[in-house]
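Let me begin by presenting the structure, written as structure tokens, before commenting on it.
The values are calculated or read from the model by the stated rules, or taken from the named source; none is laboratory data. Model, not experiment: these values are computed from the prediction. Here the Cβ positions follow ideal geometry from the backbone for every residue, glycine too, while neighbour counts run over all protein chains shown.
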Amino acid sequence: MTAPAVRHPGELRWETRLLAVVTATLVALGIATIYGASSLVRSRGEIIGGSYALTQFTGALVGGILMLIVARIDYRVLRPLAWPLLLASILALVVIILPFTPSFIAPRINGAKRWLRVGPVQFQASEVVRLAVIIWCAMLATKKGEQVREFKKGLMPFLVILGIISGLILLQPNMSMAVLISLLGGIVLFAAGAKIGHFLLLGLGAVIGGLQVIQRAGYRAERLDKFLNGAEGTSQIYQSLVGIGSGRLFGVGFGEGQQKMGYLPYAYSDFIFSAIAEEWGFLGVCLVVTLFGIFVWLGLRIARTAEDAFGRYLAVGLTAMVGVTALMHMAVTLSLMPTTGLTLPFVSFGRSSLVVSLVGVGILISIGRMRGKPGGRLGGSAPGRAATRSPR
Amino acid sequence: MAKPAARIGLLQAMLLLGALAVVGRAGQLQLVEGAKWRAEAEQSRKERVVLPARRGGIYDRNGDALAVTQEYFEVGVAPNELRSPVRDARTIAKALKLPVARVQRDIATKKWVPYPGPYNGLEVQDLRGLRGVYLDGEYQRHYPAGPLARAVIGGLTADSGRGASGIELALDAELHGAPGEAVVLKDTRGRRYVSPSRLEREPVPGRDIYLTIDAELQEIAERALEDATREFEARGGDIVILDVHTGELLALASRSRDGDRSVTNRATFFTDPFEPGSTAKLFTAGALLTHARVDSTDEVFAENGAWRFPTNSRGAFRTINDVHKIQGNVTLAGAIKYSSNIAMAKFSERLTPTEQFEALRAFGFGSPAGVEFPSEARGELRMPHLWDSYAKASVAMGYAFAVTPVQLAAAYGAIANDGVLLTPTLVREIRDPGGKVLYQHRPEPVRRAVSPAVAARLRAYLQLVVGDGGTAESAQLANYPIAGKTGTALRYDGGRYQDGHYTASFAAIWPADQPQLAMAVKLDDPRGSRYYGGTTAAPMTRAMLQEALASRRSAIDRRQLVGPAEPTETAPAPEPEEPAVSRVVFGLPLQADTAARPGRRPVPNVAGNSLRKAANTLHRRGFRVAVRGSGLVRRTTPVAGDSAGFGAIVTIWAE
């Protein structure tokens, strides 16, 4: 496969536009589904009503504005920012897990310390870290060039940094995010040309290490056990299957789903795909898969035609961030994978995740828009302006 | 650089594979297995709920409530669902009789407000249909008369709400009704969503039971017993009052205390037999009259109050004493009047053991009286071939056999009822919830115990007892004569008769000339200075009757009391039916061959069999048998195939 050369910025503008449309469609579907799946749920004795949908809507607004802003900035400004972003991420993760951090900075929610509060803004740090790691990996892979094929000089620095970050996230605890971040880093390296033999070796090590971590946390072992030994009538995953299955071809109708009535916990986040499949049926499943498929197709198209290696790796990482997460989420709800706490990008309830995903889309669009614009390649302090100055 | 492009292509292919797997799996679940999962979902979301049926009430003969089931409500308010919080707060406060300010304060919290109550249906009437106000109803059993007649009424089990004792248990099938059924949606936490509920079957409320008990007479009896046990320092006692023309039990009081433990009122009038002593002399007298072994002038020598009764041919003897020592000879009437043990022992020598036994059997001793009650003792009456010569004398004096207070009252009722023994009953009517009478008690003759002429003679004897010089003179009423017999029996305890411990009793019919009531009053072990039946139970009876007469409404028929001056009003006592329709309960020992375990078992089909064969079959299955009619068996109640408990009575209808 050879990448089509992009001769001028306007040539493939439809790609970035379609990307934005697909994203907006998924976000809108998400808000509607969250409203349906959460409005009758009680949290701390109060009926949630429209409050989750409203929260998600504000997240969509903020994320949408950030996306538009980021899309107009040359993604290449991120290259020099990669290290500072990464170090800030590590610092944030350390602050969160330190036992003496006051709870107004790092509150404990549902038994895990995952949130960071800065002034009025509260966000799930690992969501931001996810983005920072992709940018950093893309930057380092670009810098290493052919060196990534070597183990010591090429792969080692990645392993060290990814190991530190995954370890810190594991301590929150948030195993699925740790695995996902390692996976995304791996995908960027894979795209950059790292040796497949190395991946096989690392994969083996990861499986062994992962199993040990799983055994140390009871709920994880239980989830794995449930996956391996089949779901029982009362389990979350079984209820997910009941919901999906009873959707049949056309679904039970929007808002008519019953599984959210306390049968299926977190129908608005960790199991939102199940709620969609129940209410919209097999057609809804196909629609959602198609939307994500278009997204991945467009993302990888942009990656192939990106102006430089950094853009290519970054685009691969960002696309994978959406595509792989979505796939894992769907696989979990369909009992193709053990239960994890992964959300469906753009759709599931969660403001941090939504904003970060939208910012990621903004970067992706920026990469797409910069194709055929060699002006900013040197990486100036104001690439946007630099781009306008170079008319060719 | 072609390499990255190939890698990206590989990545894309893997993601596509993943997407295909997702779609494939979804297709499998939704298209192939869809119907199964949907059925699964339906099933787990629906729940069959039992709609409890209102349990029937238990009332006294005049309709006074003794046990009723009422629906009580718990009220819950969801403040944010109220249409008009200000107006609704006032409505709620008024209905629940709470201060308005408090309700307003509760509503202002915007949180669910529970008012547990319980409130009855009338109180929450205005709250029905008010948006945001939720009523949670529950049936509760309630005994408005408090402890009155509780031994008879019984109670419910705590968990199931089924009868546990007394009438509640005996007639549970009538009272319980049939619960309804509905299908409701529910979530995993068991919260039910009522709106799409579907009623499968309406609950059918239970039937109302009207007892034969007269609450007023019952209260008089209970109070009299309480006073008497205190006054005479008795361990306990029983009072049974029944209507002699119908067999209806009007009052049943009991108290018992074991050792120093607290007083209970078990239904000892059904369950605890006692040796009746002199109150039973009348039945031997009845046998003597029936077989014409004495006439009114026959006399026996009363031995001046002490008689050595030879117990074997080698000269062994036991001394029989009389409290009321009679000099010279005495007639049968005198023997009853003065309660002479010696005279009765001597007269009884004119009867064979079988004749004596049959006389007692005829009055219903030794077999359950057949009251609708879960537990009833048969009493004790040994077969005559087991009697020795002293046992015969003992039986004549009222020892060596045991009767329950209800049996004693029923037997005296037979004497009052011209010799026909009626089955005593507790149930007067059963009505459906709409008030339609489904069952009405009719007098159920068991058998003719003695001829009307003999019954009249026996009544005449009884009048002597309470006449001048009789042992129960203190029982006499000024206006309406009472006829009765006292008894003071030594208590048999720990294998021997206990000197100084007595059972004082008095069995009576009233009024003497046109009897309406038969009574058995018994005191266990009175410890005071007085312990004779004549000085304890007899005056108690008089006090009770005086109270009953003074009360506005009791089961006493005043028109009959006006007396024979107005013949039109003295409707003749209902001609007792000859026992063409006889009801015999065989009390054979219940040793079932089919199943050693007690429990419910099917009634076998015995239609077409002879009575004897049918009864045998039923006995082997562990049932008791009541017979209606004679000839070949036509049917049974419960019908063949129905199940009934171990020891339940199966009635055989024969023609």
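Would you check if A:M321 is closer than 16 Å to A:R130 by Cβ, away from every other protein chain (no Cβ under 11 Å), assigned to a helix (DSSP H, G or I) and of a type in the set (A, V, I, L, M, F, W, C)? Give the derivation first.
On the way: closer than 16 Å to A:R130 by Cβ: yes; away from every other protein chain (no Cβ under 11 Å): yes; assigned to a helix (DSSP H, G or I): yes; of a type in the set (A, V, I, L, M, F, W, C): yes.
Here the answer is yes, as A:M321 does meet what is asked.
Given the structure, is B:A182 more than 14 Å from every other protein chain (Cβ to nearest Cβ), buried (at least 17 other Cβ atoms within 10 Å of the Cβ) and over 13 Å from the mean Cα position of the chain (by Cα)? Give the derivation first.
Values: more than 14 Å from every other protein chain (Cβ to nearest Cβ): yes; buried (at least 17 other Cβ atoms within 10 Å of the Cβ): yes; over 13 Å from the mean Cα position of the chain (by Cα): yes.
Taking the combined requirement at face value, the residue satisfies it.
Of all residues in the stretch B:231-267, count the ones that are under 15 Å from B:F373 (Cβ atoms) and modelled with pLDDT under 90.
Adding up the residues that qualify gives 3.
Looking at the stretch A:282-300, which of the residues that are within 24 Å of A:V133 (Cα to Cα) and more than 9 Å from every other protein chain (Cβ to nearest Cβ) is farthest from the chain's Cα centre (by Cα)?
Pass one, the stretch A:282-300, residues within 24 Å of A:V133 (Cα to Cα): A:292-293, A:295-300.
Next cut, more than 9 Å from every other protein chain (Cβ to nearest Cβ) only: A:295, A:298-299.
Values: A:F295: 13, A:L298: 16, A:G299: 14 Å.
Top of the filtered list is A:L298.
Could you say which residue among B:G419, B:G413 is surrounded by 19 or more Cβ atoms within 10 Å (Cβ to Cβ) and touching a Ser or Thr at 6+ places or on another chain (Cβ under 7 Å)?
Details: B:G413 fails: touching a Ser or Thr at 6+ places or on another chain (Cβ under 7 Å).
From the options B:G419, B:G413, the qualifying one is B:G419.
So which residues in the stretch B:39-50 are surrounded by fewer than 19 Cβ atoms within 10 Å (Cβ to Cβ) and either in contact (Cβ under 8 Å) with a residue 40 or more places away in the chain or within 9 Å of another protein chain (Cβ to nearest Cβ) (or both)?
First pass over the stretch B:39-50, keeping only residues surrounded by fewer than 19 Cβ atoms within 10 Å (Cβ to Cβ): B:39-40, B:42-43, B:46-50.
Scanning the stretch B:39-50 gives B:A39, B:E40, B:E42, B:K46, B:E47, B:R48, B:V49, B:V50.
So, A:S335, is that one modelled with pLDDT under 90, under 24 Å from A:L291 (Cβ atoms) and not in a helix (DSSP H, G or I) or not?
yes
Let me confirm something: among B:D159, B:D136, which residue is surrounded by fewer than 20 Cβ atoms within 10 Å (Cβ to Cβ), outside any loop (DSSP other than H, G, I, E, B) and assigned by TED's automatic domain parsing to the domain that holds B:T69?
Numbers: B:D159 fails: outside any loop (DSSP other than H, G, I, E, B).
Of the residues listed, the single one that is surrounded by fewer than 20 Cβ atoms within 10 Å (Cβ to Cβ), outside any loop (DSSP other than H, G, I, E, B) and assigned by TED's automatic domain parsing to the domain that holds B:T69 is B:D136.
Looking for something polar (S, T, N, Q), at pLDDT below 90 and either within 17 Å of the chain's Cα centre (by Cα) or in a helix (DSSP H, G or I) (or both) - is there at least one such residue anywhere in the stretch A:340-347? I'd like the intermediate steps shown before the answer.
Our first condition is that a residue be polar (S, T, N, Q); within the stretch A:340-347, this holds for A:340, A:343.
Narrowing further to those that are at pLDDT below 90: A:340, A:343.
Then drop every residue that is not either within 17 Å of the chain's Cα centre (by Cα) or in a helix (DSSP H, G or I) (or both), which leaves A:340, A:343.
Checked against the condition, which is being polar (S, T, N, Q), at pLDDT below 90 and either within 17 Å of the chain's Cα centre (by Cα) or in a helix (DSSP H, G or I) (or both), the stretch A:340-347 yields at least one hit.
Which of the residues belonging to the stretch B:458-499 are of a type in the set (D, E, K, R) and surrounded by 21 or more Cβ atoms within 10 Å (Cβ to Cβ)?
Applying the first criterion (of a type in the set (D, E, K, R)) to the stretch B:458-499 yields B:459, B:468, B:473, B:485, B:491, B:493, B:496, B:499.
Residue satisfying the conditions is B:K485 alone.
Is the stretch B:173-188 home to any residue that is of a type in the set (A, V, I, L, M, F, W, C) and in a loop (DSSP other than H, G, I, E, B)? If you could, list the steps in order and put the result at the bottom.
Of all residues in the stretch B:173-188, those of a type in the set (A, V, I, L, M, F, W, C) come to B:173, B:175, B:178, B:182-185.
Still in the running and in a loop (DSSP other than H, G, I, E, B): none.
No, that holds for no residue.
Would you check if there is a residue in the stretch B:38-47 being in contact with a strand residue (DSSP E or B) (Cβ under 8 Å, 6 or more places away or on another chain) and not in a helix (DSSP H, G or I)?
Of the residues in the stretch B:38-47, the ones in contact with a strand residue (DSSP E or B) (Cβ under 8 Å, 6 or more places away or on another chain) are B:45-47.
Among the residues that remain, those that are also not in a helix (DSSP H, G or I) are: B:46-47.
Scanning the stretch B:38-47, I find at least one residue that is in contact with a strand residue (DSSP E or B) (Cβ under 8 Å, 6 or more places away or on another chain) and not in a helix (DSSP H, G or I), so the answer is yes.
Got at least one residue in the stretch B:444-458 being in a loop (DSSP other than H, G, I, E, B) and among the basic types (K, R)?
Applying the first criterion (in a loop (DSSP other than H, G, I, E, B)) to the stretch B:444-458 yields B:444, B:449-451.
Right, trim to among the basic types (K, R) and you get none.
No, every residue in the stretch B:444-458 fails to be in a loop (DSSP other than H, G, I, E, B) and among the basic types (K, R).
For the stretch B:63-86, give me each residue that is exposed (fewer than 14 other Cβ atoms within 10 Å of the Cβ) and modelled with pLDDT of 85 or more.
B:G63
Name the residues in the stretch B:285-324 that are among the basic types (K, R) and modelled with pLDDT of 85 or more, would you? Walk me through it before giving the result.
Filtering the stretch B:285-324 down to residues among the basic types (K, R) leaves B:293, B:308, B:314, B:318.
Result: B:R293, B:R308, B:R318.
Looking for whichever is in the same structural domain as B:Y139 (by TED's automatic domain parsing) and more than 30 Å from B:G177 (Cβ to Cβ) here; the options are B:P4, B:P79. Which one fits? So that I can check it myself, show each step before the final result.
Details: B:P4 fails: in the same structural domain as B:Y139 (by TED's automatic domain parsing).
The conditions single out B:P79.
What pairs come up if the first residue lies in the stretch A:250-271 and is more than 10 Å from chain B (Cβ to nearest Cβ), the second is surrounded by fewer than 22 Cβ atoms within 10 Å (Cβ to Cβ) and among the aliphatic types (A, V, I, L, M), and their beta carbons are under 8 Å apart, counting only those six or more places apart or on different chains?
From residues that are more than 10 Å from chain B (Cβ to nearest Cβ), the pairs are A:F254/A:A32; A:A267/A:V41; A:Y268/A:V41.
Residue check, B:G129 against (1) at pLDDT 80 or above; (2) of a type in the set (G, A, S); (3) more than 34 Å from the chain's Cα centre (by Cα); (4) not in a strand (DSSP E or B), all met but one. Which one?
(1)
Which residue is surrounded by the fewest Cβ atoms within 10 Å (Cβ to Cβ), if the candidates are limited to the stretch A:301-318 and must be part of a helix (DSSP H, G or I) and more than 10 Å from every other protein chain (Cβ to nearest Cβ)?
Of all residues in the stretch A:301-318, those part of a helix (DSSP H, G or I) come to A:301-304, A:309-318.
Pick out the ones that are also more than 10 Å from every other protein chain (Cβ to nearest Cβ) and you get A:302, A:310-311, A:314, A:317-318.
Details: A:I302: 29, A:F310: 23, A:G311: 28, A:L314: 33, A:G317: 30, A:L318: 28.
For the stretch A:301-318, the residue satisfying everything is A:F310.
Confirm whether A:G281 is touching a residue at least 60 places away in the same chain (Cβ under 8 Å), surrounded by 21 or more Cβ atoms within 10 Å (Cβ to Cβ) and out of contact with any strand residue (DSSP E or B) (no Cβ under 7 Å at 6 or more places or on another chain). Let's see the steps before the verdict.
Numbers: touching a residue at least 60 places away in the same chain (Cβ under 8 Å): no; surrounded by 21 or more Cβ atoms within 10 Å (Cβ to Cβ): yes; out of contact with any strand residue (DSSP E or B) (no Cβ under 7 Å at 6 or more places or on another chain): yes.
So A:G281 does not fit the description; no.
Counting just the residues of the stretch B:631-655 that are touching a residue at least 40 places away in the same chain (Cβ under 8 Å) and in contact with a helix residue (DSSP H, G or I) (Cβ under 7 Å, 6 or more places away or on another chain), which one comes out surrounded by the fewest Cβ atoms within 10 Å (Cβ to Cβ)?
Selected residue: B:A654.
In this structure, does B:G370 turn out to be modelled with pLDDT under 90 and within 30 Å of B:G154 (Cβ to Cβ)? I'd like the intermediate steps shown before the answer.
Values: modelled with pLDDT under 90: yes; within 30 Å of B:G154 (Cβ to Cβ): yes.
Against the criterion (modelled with pLDDT under 90 and within 30 Å of B:G154 (Cβ to Cβ)), B:G370 qualifies.
Restricted to the stretch B:1-35, and to residues that are under 60 Å from the mean Cα position of the chain (by Cα) and at the interface with chain A (Cβ under 7 Å from one of its Cβ atoms), which residue is surrounded by the fewest Cβ atoms within 10 Å (Cβ to Cβ)? Walk me through it before giving the result.
As a first pass, look at the stretch B:1-35 and keep what is under 60 Å from the mean Cα position of the chain (by Cα): B:33-35.
Those still in the list that are at the interface with chain A (Cβ under 7 Å from one of its Cβ atoms) too: B:33-34.
Values: B:E33: 17, B:G34: 20.
Here the residue is B:E33.
Report whether or not B:A53 is surrounded by 14 or more Cβ atoms within 10 Å (Cβ to Cβ), more than 8 Å from every other protein chain (Cβ to nearest Cβ) and among the small types (G, A, S). Talk me through it step by step, then tell me what you get.
Numbers: surrounded by 14 or more Cβ atoms within 10 Å (Cβ to Cβ): yes; more than 8 Å from every other protein chain (Cβ to nearest Cβ): yes; among the small types (G, A, S): yes.
So B:A53 fits the description; yes.
Are any residues in the stretch B:328-341 more than 25 Å from B:A504 (Cα to Cα) and assigned to a loop (DSSP other than H, G, I, E, B), and if so, which ones? Walk me through it before giving the result.
In the first step, residues of the stretch B:328-341 are kept if they are more than 25 Å from B:A504 (Cα to Cα); the result is B:328-329.
Across the stretch B:328-341, the qualifying residue is only B:G328.
Do we have A:A231 as part of a loop (DSSP other than H, G, I, E, B), under 24 Å from the mean Cα position of the chain (by Cα) and modelled with pLDDT under 85 here?
On the way: part of a loop (DSSP other than H, G, I, E, B): yes; under 24 Å from the mean Cα position of the chain (by Cα): no; modelled with pLDDT under 85: yes.
Answer is no for this residue.
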